[in-house]
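Visitor: The structure that follows is given in the form of structure tokens.
The values are calculated or read from the model by the stated rules, or taken from the named source; none is laboratory data. As the structure is a computational prediction, the values presented were derived from the model and not from experiment. Cβ atoms come from the backbone with ideal geometry, glycine included; neighbour counts cover every protein chain shown. Protein only, heavy atoms only, side chains kept; ligands, DNA and RNA dropped before computing areas. Shrake-Rupley method; radii C 1.70, N 1.55, O 1.52, S 1.80 Å.
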Amino acid sequence: MSRDFAPVAPAVWGSRSFLSLDSDGRQLMLFFICGPHQNSAGCCRIREGYVLADLIWEPAQYRRALANVVAADLVAHDPATEETYVKKWFQHKGNIPTNKDHAKGTMKIIEHIDSDEIREIVEADFMATEWAKRTFDPDQPDQPTNVIGGDRLANTRLMRGGGGRL
């Protein structure tokens, strides 16, 4: 599910990491931030073919730009699942959950991230937000026990019934 609105803060143009990228890297980063595949968790599966079609690029151009964006530490990318997370996603005003329902919806998206490594990064960033803490704090009564932050094994794709890729 993509979003109807995706803010891009003007501060991106002051980011040393962003400015270190060439024009392809900058275009790809903006695509990851506000492209048609993005969601409220900042992590989505963007298959190479989608990027090539959306940006009208050649495979080598995409792979080079992706390597540069990853090297600049702006995204986490898992080539096995083709999932990409925009780092520091929840530190930007338009991406922060604003109520419990928003937090719960974002949690559902996070729970479906196939990459264990990326899901752990997203979970940690998400749980640092005010509404994630208010909604999923294990010290609060009447909270579900199988939420993010619980047993790492229970949150793996296999234990959630996702199995491996075929």
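Visitor: Looking at residue 114, is it among the charged types (D, E, K, R), open to solvent by 20 Å² or more (accessible area, probe 1.4 Å) and part of a helix (DSSP H, G or I)?
Guide: Details: among the charged types (D, E, K, R): yes; open to solvent by 20 Å² or more (accessible area, probe 1.4 Å): yes; part of a helix (DSSP H, G or I): no.
Taking the combined requirement at face value, the residue does not satisfy it.
Here is a yes/no grid of residues against (1) within 24 Å of residue 108 (Cα to Cα); (2) in a helix (DSSP H, G or I):
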{"residue": "13", "(1), (2)": "no, yes"}
{"residue": "32", "(1), (2)": "yes, yes"}
{"residue": "40", "(1), (2)": "yes, no"}
{"residue": "51", "(1), (2)": "no, yes"}
{"residue": "67", "(1), (2)": "no, yes"}
{"residue": "77", "(1), (2)": "yes, no"}
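Visitor: Output the qualifying pairs, or none if there are none: Cβ atoms under 8 angstrom, residues six or more apart or on different chains, first residue in the range 23-52 and among the aromatic types (Phe, Trp, Tyr), second residue outside any loop (DSSP other than H, G, I, E, B).
Guide: 31/51; 31/54; 31/55; 32/69; 32/75; 32/84; 32/86
Visitor: Looking at the range 32-68 only, could you name the residues that are among the polar types (S, T, N, Q) and under 24 Å from residue 116 (Cα atoms)?
Guide: Of everything in the range 32-68, those that are among the polar types (S, T, N, Q) and under 24 Å from residue 116 (Cα atoms) turn out to be 38, 39, 40, 68.
Visitor: So which residues in the range 79-90 are crowded, with 16+ Cβ neighbours inside 10 Å and either at pLDDT below 95 or in a helix (DSSP H, G or I) (or both), if there are any at all?
Guide: Of everything in the range 79-90, those that are crowded, with 16+ Cβ neighbours inside 10 Å and either at pLDDT below 95 or in a helix (DSSP H, G or I) (or both) turn out to be 89, 90.
Visitor: Continuing with this model, one more query. Looking at (1) buried (at least 18 other Cβ atoms within 10 Å of the Cβ); (2) within 25 Å of residue 128 (Cα to Cα), which is the one condition that is false for residue 104?
Guide: (1)
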